[in-house]
Amino acid sequence: MRNSKLTSFVLAVSLALNLAFLAALVYKKTVHEKNAARPLREMKSDFQLTAGQEKRMRDIVRKFKIDSLLAKEDIRDKRVEIIEELGNPDCDPDAVHGLTGELNQLENRLNSDFVAALLKINEILEPSQRLNLLYRLSRNWFFLTPFHEKGGSNE
């Protein structure tokens, strides 16, 4: 009887140590992945940029990304204000319309900044590079794909 208790105890301790070891490995791996520095993104080489063009393009894109983060925060905050107003028992429709107008102005400014960044990029590109850029933008903006997607039963 004493031997079976000892065996059970040893098995329980062994199981606990194995689980602790596995948990430590998983924890170490997830913490390491979160803190690992991300590699720099490469510019797509199909634009065939010169070194000078690539540097200028990186600077424009970097500045736009930083500015757009701030604009997106403002947009998010304005959306929260609208939701809070809508959740108010004494909701004022005029206040919601005013906040919606402010939200539209913020979104318009973000779109204008995007187009301004594209215009700066356009200035540094050669004509063939511009065509490639326009093709890529139109595919992404208008959801054009190089292949025909089969539609529903109406096609």
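The values are calculated or read from the model by the stated rules, or taken from the named source; none is laboratory data. On a predicted model such as this, the values are computed, not experimentally measured, just so you know. Here the Cβ positions follow ideal geometry from the backbone for every residue, glycine too, while neighbour counts run over all protein chains shown. Accessible surface areas use protein heavy atoms only, side chains included; no ligands, DNA or RNA. Shrake-Rupley method; radii C 1.70, N 1.55, O 1.52, S 1.80 Å.
Being modelled with pLDDT of 90 or more and out of contact with any His (no Cβ under 6 Å at 6 or more places or on another chain): is that true of Leu144 here? Here the answer is no, as Leu144 does not meet what is asked. Only residues that are in contact (Cβ under 8 Å) with a residue 40 or more places away in the chain, under 15 Å from Ala71 (Cα atoms) and open to solvent by less than 40 Å² (accessible area, probe 1.4 Å) were counted in region 85-137, giving 2. Pairing each residue of region 56-84 that is open to solvent by less than 70 Å² (accessible area, probe 1.4 Å) with any residue that is among the hydroxyl-bearing types (Ser, Thr, Tyr) and modelled with pLDDT of 90 or more, provided the two are 6+ apart or on different chains, yields C-beta distances under 8 Å for Ile82/Thr100.
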